[in-house]
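The values are calculated or read from the model by the stated rules, or taken from the named source; none is laboratory data. Keep in mind that what you see is a predicted model, and the values were worked out from it rather than measured. Ideal geometry is used to build each Cβ from the backbone, glycine not excepted, and the neighbour counts take in all protein chains shown.
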Amino acid sequence: MGSITWRLALASFIFANVSSLLQADETAAKRTEDIVYGRKFGTALTMDVFTPPEPNGVGLIFVVSGGWFSAHEAISPQFLEPFLKRGYTVFAVVHGSQPKFNITEILGDMNRAVRYIRHHAADYGVDPERLGIMGASAGGHLSLMQGTAGAAGDPNAQDEVDRESSRVAAVACFFPPTDFFNYGKPGEDALGRGILKGFRAPFDFEEMDDETKRFVEITDEPKLQEIGKAISPVNHASSDDPPTLIIHGDADELVPIQQAEIMVAALEKAGVESKLVTKPGAGHGWPDLPKDLETLADWFNEHLQPAN
């Protein structure tokens, strides 16, 4: 793991290979590329929007992320086909990527993306109260953070987008990290350490030094502990969280299935509808994973479609 770079993190991300496993049929969806949902440090944050021929009024946010690396090139229209065929409008969100940006900064991007989509929901023909989110691995972690820690907007914000909520109505994801201080077993530290030592960059947290006016690395352990707990979805489980589905292989060595188990247990304790689908013998991805996209689509059908 120590020799794994951010580029290898993307290469190992299961969705990089999913498109070749899916049927070649192209959905007649309209793709609008590079929509700017925000800016930071002079950099544009973008998403692609896929509009199906017969929209059902529901929006799905696909978190384009593996190892907390994100790129426009990683968006696979074939991967999105099962959702487009059911009428979902899909927002493929590219966040500020590691190694340049860390997880706390990435979470800010995701909150901004959800707020932007909600603010412009009418423009895309979706109901702002029926937004779902999905992803895998790091994308699953970020999906869970939106489900558990999405927040109300600032009513006094100058930017109207920032006045919107970043909450979502349903979550479905694959093999997500959920607790960086109990990673695989109680007390196991994976804050860019241990199993995740090959993914150091997204855990390089910084703060502004008031004297030098420079960003400096945070090395104070109590501060790191505070940050690590704040970016662990399991610590945010509460009764107002949305229905959540996790699919996870029980032979996953990169993200142990224990991460899904403790997340579902925390949600159930809070009274939130949640479900864990275990894939026997599967690691961090499996050859027939595309079949499980239908399970995600079924979950969104159940929880985002209006009652008849």
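Observations, loosely collected:
- Test: residue in the range 223-237 that is of a type in the set (Val, Ile, Thr), assigned to a strand (DSSP E or B) and surrounded by 12 or more Cβ atoms within 10 Å (Cβ to Cβ): no
- Taken over the range 113-134, the residue count meeting the criterion of being aliphatic (A, V, I, L, M) and free of Cβ contacts under 8 Å to residues at least 24 places away in the same chain is 1.
- Qualifying residue in the range 234-250 (condition: more than 17 Å from the chain's Cα centre (by Cα) and either within 18 Å of GLY139 (Cα to Cα) or at pLDDT below 95 (or both)): yes
- Any hit, the range 242-263, residues being surrounded by fewer than 15 Cβ atoms within 10 Å (Cβ to Cβ), of a type in the set (Asp, Glu) and out of contact with any strand residue (DSSP E or B) (no Cβ under 9 Å at 6 or more places or on another chain): no
- Taken over the range 197-208, the criterion of being surrounded by fewer than 17 Cβ atoms within 10 Å (Cβ to Cβ) and of a type in the set (A, V, I, L, M, F, W, C) is satisfied by MET208 alone.
- Search result, residues across the range 267-303 that are assigned to a helix (DSSP H, G or I), at pLDDT below 95 and surrounded by 15 or more Cβ atoms within 10 Å (Cβ to Cβ): LEU289, PRO290
- Complete set of residues in the range 15-54 that are at pLDDT below 95, surrounded by 16 or more Cβ atoms within 10 Å (Cβ to Cβ) and part of a loop (DSSP other than H, G, I, E, B): LEU22, THR27, ALA29
- Residues in the range 55-97 that are of a type in the set (Phe, Trp, Tyr), under 30 Å from ARG200 (Cα atoms) and modelled with pLDDT of 95 or more: PHE62, TRP68, PHE69, PHE91.
- In summary, GLY194 fulfils each of the numbered conditions (1) over 22 Å from SER65 (Cα atoms); (2) surrounded by fewer than 14 Cβ atoms within 10 Å (Cβ to Cβ) with the single exception of condition (1).
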